[in-house]
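The values are calculated or read from the model by the stated rules, or taken from the named source; none is laboratory data. Keep in mind the model is a prediction, meaning the values are calculated, not measured. Neighbour counts are summed over all protein chains in view; Cβ atoms, including those assigned to glycine, are modelled from backbone coordinates with ideal geometry. Side chains are part of the model used for accessible areas, which takes the heavy atoms of the whole protein and leaves out ligands, DNA and RNA. Shrake-Rupley method; radii C 1.70, N 1.55, O 1.52, S 1.80 Å.
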Amino acid sequence: MTSSQQSVQEELSRRYRKAVTVVAAFLVLDLALVIIAFLAATSLYRGGDPSLIMALWIGILVFGLGAFVLRRTRFATLRLKDVAAVNGVSALLKSLQNTTIQVAAIGGAIALMGFMIVILRGDWTDMLRAGGVAAIVLLYCFPFRSAWQKVVTQLAPADTNVK
């Protein structure tokens with residue numbers, strides 16, 4: 001393995017590890033909010049405007065669908081090819097990492113919106129629903145090292161391909 005291949009492997013490992021850590025942290029946040037809502041929904045209840053609650057549910061829907069659209073467009077093969085060709089493997093890995101973190105943040109925002117609904121309605125099952133949507137988004141964006149390795153191998157310029 002050449003020095004450039006080793007550096008690409010090291011950067012891949014570093015960026016992959018950071019992306020997995022962020023996604024896992026948001027999954028833990030989601031689970032923690034569901035547990036808190038289950039245990040303390042009645043004591044968290046503050047009452048709220050029904051139109052605000054509906055706006056939060058619409059926001060959850062838009063964020064959920066937007067996360068799928070964002071990931072699909074940012075991970076499009078042609079876009080990733082262009083990133084790799086113009087800016088190199090490092091930019092390709094950075095793009096994979098940043099997109100994963102952005103979609104994970106959307107999942108975290110969905111969980112927080114669900115928790116706000118629990119505070120406004122006092123029903124913990126609302127958090128269960130919103131937490132389920134957040135978990136789906138977070139599992140959808142969960143990175144797989146083999147997939148990242150495959151992308152780097154296929155799309156990286158020939159002189160830095162990783163075997």
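Some points to look at:
- Long-range neighbours under 6 Å by Cβ, at least six apart or interchain, first residue open to solvent by 50 Å² or more (accessible area, probe 1.4 Å) within the range 136-161, second modelled with pLDDT of 95 or more: F142/V23; R145/Y16
- L92 meets all of the listed conditions (1) among the hydrophobic types (A, V, I, L, M, F, W, C); (2) open to solvent by less than 20 Å² (accessible area, probe 1.4 Å); (3) under 30 Å from R46 (Cα atoms) but one, namely (3).
- Total residues in the range 96-125, condition acidic (D, E) and closer than 28 Å to L155 by Cα: 0
- Residues (polar (S, T, N, Q) and either open to solvent by 90 Å² or more (accessible area, probe 1.4 Å) or touching a residue at least 60 places away in the same chain (Cβ under 8 Å) (or both)) located in the range 14-45: T42
- Qualifying residue in the range 100-107 (condition: more than 14 Å from the chain's Cα centre (by Cα), surrounded by fewer than 19 Cβ atoms within 10 Å (Cβ to Cβ), assigned to a helix (DSSP H, G or I) and modelled with pLDDT of 95 or more): no
- Flag for R79 being basic (K, R), out of contact with any His (no Cβ under 8 Å at 6 or more places or on another chain), in a helix (DSSP H, G or I) and buried (at least 18 other Cβ atoms within 10 Å of the Cβ): no
- Condition met for L65 (modelled with pLDDT of 95 or more, open to solvent by 80 Å² or more (accessible area, probe 1.4 Å) and not charged (D, E, K, R)): yes
Results for (1) in contact (Cβ under 8 Å) with a residue 60 or more places away in the chain; (2) hydrophobic (A, V, I, L, M, F, W, C); (3) under 25 Å from T21 (Cβ atoms), shown as yes or no for each residue.
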| position | (1), (2), (3) |
| --- | --- |
| G59 | no, no, no |
| G66 | no, no, yes |
| A76 | no, yes, no |
| N87 | no, no, yes |
| A111 | yes, yes, yes |
